[in-house]
Amino acid sequence: MKFSFNNLLAADAQTSGGASSKRADGVIVVSLTKAQQEAARIASLFDAAEGAKAANPAAEFENLFEASVKERDFKLGDVVKGIVVEVQTDYVLVDINYKSEGLIPINEFRVVDGVREVKPGDEVEVYIDRVENENGMVVLSKDKADMMRAWNDISRAAENEELIEGTIIAKVKGGLSVDIGVKAFLPGSQIDLRPVRNMDIYIGKKYKFKVIKFNKKRGNIVLSRRALLEEERENLRTQTLDAMKEGSIVQGIVKNITDYGAFIDLGGMDGLLHITDMSWGRVKHPSEVITLGDEIKVMVLKYDQEKERVSLGLKQLQQDPWEAALAQFPVGTKLKGKIVSLADYGAFVELAEGVEGLIHVSEMSWTKRVKHPSQIINVGDEVDVQVLDVDSTARRISLGMKQLMANPWVELKNSYLPGTIIEGEVRSITDFGIFVGVEDGIDGLVHISDFSWTKRVNHPSEMFTKGQKIRSVVLGVDIEQERFSLGIKQLEADPWANIDTKYGVGTQHDVKVVKLADFGVFVELEADIEGLIHISELSTDRINKAEEFCKPDDMIKAEIISIDRDARKIGLSAKLVKLREQKADVDDYVKKLTSKSSTSFGDLFGDAFKAAAAPTADAAAEKKEGE
């Protein structure tokens, strides 16, 4: 409804008991003079002459209101600002300066801590969904306004390669759903720098993303977090490389753990922390020392700039315990330790953190033959040991268990003097001899050379069997080497002891052929006493093979030409017997044979063969000249 401004002035003047007038600048002046009252009356008459529209003030107000609304030019799809007038149960009334308030469903407003986030007086952006419903109200939407604003932001971000923030809300096929004002898709390959196996850990977290695909018409938005991380990583990598040098201490995050070590993210690049560089002590698996996601300080051990490889160390940040090992564990120290590992050759004992010693199987018992440490100890056992040797440079400590017990070998040496005769059972047979039981856990060795004074034995099994009871004599006990030496041949007198008086050089004997060889014939002088007739000493004639002269079991006469009692060898000559029978001058020949006791039989007999063969060669030459 429209009212005349002049009428209002006149009414005001009459109410106040005076008159009103209007200046050129529009300011109203009210007075009580008659002249002014007359002026007001004239003004009223002027207003009355305005026309028919002044006669219907309600129609005029409606026309003015419609013109005002028309000036605002509201239409479907516009996004405008409004003020919350009232919050009802199902709707929120918003004044957008239109002819009627607008309605927004209350569920379009978020609930924070159980309270709807809207109150009268709040300014909100709304989308005009319908200009007028059946009740004459404007239908508004806050969600659609938010969506349009989001699309505009996304479009701008995509065009300008700007980052956009969003919250991961759910796992979907092939990736994750992200709320950035509208729903967007984050492919699984774009979540992180490395493939992600468990996507659930990202749900509910807020991140910044890069828009890599955008289609408003289809409502399709594809995001990437990986692209952002790659850019950040490249920037960090450049900074890290600039500061990287061997010996420097850097900080990183445990990114991945393997059986052989862990990869540490140093910021833009990864470094390898090998399991051997995690601790000075024994580490079975890296997870014993570090866990995924740990932030740790490490030392750069090696940096290959060309291959961009970094080797890291954790134990290097602590003092090397081996530096004080010699002072901490002097030789002879008795202490306790824990068995941490077993090997075929011994057991490793932890003496302190990062310091281990080895008990060799030979140092576990004085008497037991320990084939494997598990026969005596197990991993986890606490044992008493004695330090035998320390090598700090090689990081080795030798330990012993038996040294803490009485040494039975000392008592054995006192109890079994050389020459003592004992009886025992053959416990084992080897290529080099037999072991005979002396006491519980103590065996004595009869070497194959101590079986017989005269008999040649190729293998101990030719004479003995396991379990056989035999007599032997004690030859000696070596405490340091823990050896008990026995002999069997020593039970009898050595027939070679007076061999040179019984068989003197120059004496002739009937001997029996026992064996033929390429280089001569072995003959037996008596039981278990053998000698050798070299092939050059078989005959005055030239002999190429021993078989041409004799065969086994033949009896021949030979003269002893040398005796080596220490080597137990006797040299004989059948040729010399023949020469003597022929009354030949053999003095020079014999002198030559016996001149050097150190000359080998081969050399000796070779010279004799040349001397004996010379007359034969001369006779052949004379015969040829006669022809």
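Within the stretch 417-457, whose backbone N sits under 12 Å from a point 7 Å along Cα→Cβ of HIS372? No residue passes the distance filter. Calculate the length of the line joining the C-alpha centroid of the stretch 531-584 to that of the stretch 75-116, in whole Å. First find each Cα centre; the distance between them is then 136 Å.
Accessible area per residue was computed with a 1.4 Å probe on protein heavy atoms; HIS459 scores about 60 Å².
With all protein chains in place and a 1.4 Å probe, the accessible surface of the stretch 210-336 carries 47 percent carbon and sulfur. Shown are SER100, SER287, whose ranking by accessible area with a 1.4 Å probe and every protein chain present, most to least, is SER287, SER100. By the gyration tensor of its Cα atoms, with a ≥ b ≥ c the square roots of the eigenvalues, what is the shape of the stretch 419-477: rounded for a/c under 1.5, prolate for a/b over b/c, or oblate? Verdict is oblate for the stretch 419-477.
For the stretch 344-483, the relative contact order is 21 percent, taking Cα pairs closer than 8 Å that sit 6 or more residues apart in sequence and dividing their mean separation by the residue count.
If R0 is 45 Å, what FRET efficiency do you get for LEU228 and VAL379 from their C-beta distance, rounded to 0.05? It would help to have the intermediate numbers written out before the result.
Numbers: r = 50 Å, r/R0 = 1.10.
For R0 = 45 Å, the calculated efficiency reads 0.35.
Holding the Cα-Cα limit at 20 Å, pick out from LYS99/LYS119; LYS502/LYS545; LYS515/LYS551; LYS489/LYS512; LYS183/LYS205 the pairs that are longer than that.
Numbers: LYS99/LYS119 22 Å; LYS502/LYS545 31 Å; LYS515/LYS551 8 Å; LYS489/LYS512 24 Å; LYS183/LYS205 15 Å.
Cα-Cα > 20 Å for LYS99/LYS119; LYS502/LYS545; LYS489/LYS512; rest within.
For the stretch 366-520, the convex hull drawn through the C-alpha positions has a volume of 229 cubic angstrom per residue. Under the simplified labelling scheme, the ILE249-LYS545 pair shows an inter-label distance of 8.8 nm, with each label point 7 Å from Cα along Cα→Cβ. Computed from the C-beta positions of SER428 and ALA406, the FRET efficiency with R₀ = 25 Å rounds to 0.45. Counting only heavy atoms of the protein chains and using a 1.4 Å probe, VAL131 has close to 50 Å² of accessible surface. Summing Lys, Arg as +1 and Asp, Glu as -1, what charge do residues with Cβ under 9 Å from the Cβ of PHE209 carry, PHE209 excluded? So the surrounding residues net to +2.
What the Cβ-Cβ distance of GLU482 and LEU335 gives, at R0 = 22 Å and to the nearest 0.05, is a FRET efficiency of 0.35. One quarter of the convex hull surface built on the alpha carbon atoms of the stretch 277-323 amounts to 4.3 nm², the projected area averaged over directions.
Among the trypsin sites (Lys or Arg not before Pro) in the stretch 428-533, which ones are in a DSSP loop with at most 14 other Cβ atoms within 10 Å of the Cβ? Mind listing them? Those satisfying the criteria are LYS455, ARG456, LYS466. Applying the criteria of a DSSP loop state and at most 13 other Cβ atoms within 10 Å to the GluC sites (Glu not before Pro) of the stretch 154-205 yields GLU161, GLU162.
Per residue, how much accessible area does the stretch 131-214 show when a 1.4 Å probe rolls over the protein heavy atoms, in square angstrom? Let's see the in-between values first.
On the way: 4920 Å² over 84 residues.
Accessible area per residue: 59 Å².
Considering only DSSP states other than H, G, I, E and B, which chymotrypsin sites (Phe, Trp or Tyr not before Pro) in the stretch 491-548 qualify as loop sites with at most 14 other Cβ atoms within 10 Å?
Numbers: sites: TRP496, TYR503, PHE519, PHE522; in loops: TRP496, TYR503, PHE519.
Taking the stretch 491-548 and a limit of 14 other Cβ atoms within 10 Å, the loop chymotrypsin sites (Phe, Trp or Tyr not before Pro) found are PHE519.
When you work out D = kT/(6 pi eta Rh) for the stretch 132-218 at 25 °C and 0.890 mPa s, using the Kirkwood radius from C-alpha pairs as Rh and the Stokes-Einstein form, the result is 168 µm²/s. Pair-distance distribution P(r) for the stretch 487-534, from all Cα-Cα distances in 10 Å bins starting at 0: 22, 46, 27, 5 percent. Shown for the stretch 65-196: the carbon plus sulfur share of the solvent-accessible area, taken with all protein chains present and a 1.4 angstrom probe, equals 46%. Between ILE257, ASN215, LEU193, the Cα set farthest toward the positive side of the dipole of the stretch 192-266 (charges on each charged residue's Cβ, about the Cα centre) is that of ASN215.
Based on C-alpha pairs under 8 angstrom that are at least 6 apart in sequence, the stretch 361-437 has a relative contact order of 22 percent.
The values are calculated or read from the model by the stated rules, or taken from the named source; none is laboratory data. Everything quoted here is computed from the prediction, not taken from an experiment. So basically every Cβ, Gly included, is an ideal-geometry build from the backbone, and we count neighbours across all protein chains shown. These area figures cover heavy atoms from the full protein model, side chains too; ligands, DNA and RNA do not enter into them. Shrake-Rupley method; radii C 1.70, N 1.55, O 1.52, S 1.80 Å.
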